[in-house]
Each structure stands twice: as C-alpha cells, then as structure tokens.
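See below for the structure under consideration.
The values are calculated or read from the model by the stated rules, or taken from the named source; none is laboratory data. Since the model is a prediction, treat every value here as computed from it, not as a measurement. Here the Cβ positions follow ideal geometry from the backbone for every residue, glycine too, while neighbour counts run over all protein chains shown. With ligands, DNA and RNA removed, areas are computed over all heavy atoms of the protein, side chains included. Shrake-Rupley method; radii C 1.70, N 1.55, O 1.52, S 1.80 Å.
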Amino acid sequence: MNTTRVNGVFYTIKSTCSWRMLLKDVPPYSSVYSFYRKCRIKGIWKKVLSKFVKIRQIKAGGSEHPSDRRIDSHSVKTAGACEQRGIDGGKKET
C-alpha cells in the first residue's frame, strides 16, 4: 500500500478540502481519489475504523467488545409518560 496515497486521503478528510486541492507532497488527486474509492468499495475503511474504535476502547479501560446494555440517562424515557395524568378543564365533553 502506498503511504503517500493514504496520507493524501487522511489529509483530505482531516482538512475537509476538495480532492483537487491536495498538497504537492502527495500523488495527483485522481490517483489518491481512485485509491480511496477502491478501498471504500472493498470495505477497507470500515475495517480500519472498527480497529481504531477497539483500540480506543481498550486504552480507555473498557472491553474490546462492550455491552449493548449501557444506557445513557438522557436516552431513557420515563415509564409513566403514556399514562393519563389528569383532566383538562378546558375541554368540553360530548
């Protein structure tokens, strides 16, 4: 794998510049973009990202395979949210 193409892909993603605005230190943008596209189609970028996530979880003191049962307190809904709470005095009964 050509590291200058990888560096070109990472630079483009990090700086959010267009492919045509790549630095002169990397191969032509068409070559770097072609490399990026082929890796994306093969699923290589997803594999690389999942490896980075596992490494980060382990360094943070967690497990390589975290439990799906971890729940953020902001995402938990209250149990009684659907229950009726009272009568609206402004409504007319028919």
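Quick notes on this one:
- Scanning the range 36-48 for residues that are surrounded by fewer than 10 Cβ atoms within 10 Å (Cβ to Cβ) and of a type outside the set (Gly, Ala, Ser) yields one hit, Ile41.
- The range 40-57 residues that are under 19 Å from Arg5 (Cβ atoms), paired with ones that are loosely packed, with under 12 Cβ neighbours inside 10 Å (beta carbon under 9 Å, 6 or more apart): Arg40/Lys46; Ile44/Lys38
- Every residue from the range 6-28 that is open to solvent by 80 Å² or more (accessible area, probe 1.4 Å), part of a helix (DSSP H, G or I) and either at pLDDT 90 or above or closer than 17 Å to Trp45 by Cβ (or both): Asn7, Phe10, Tyr11, Ile13, Lys14
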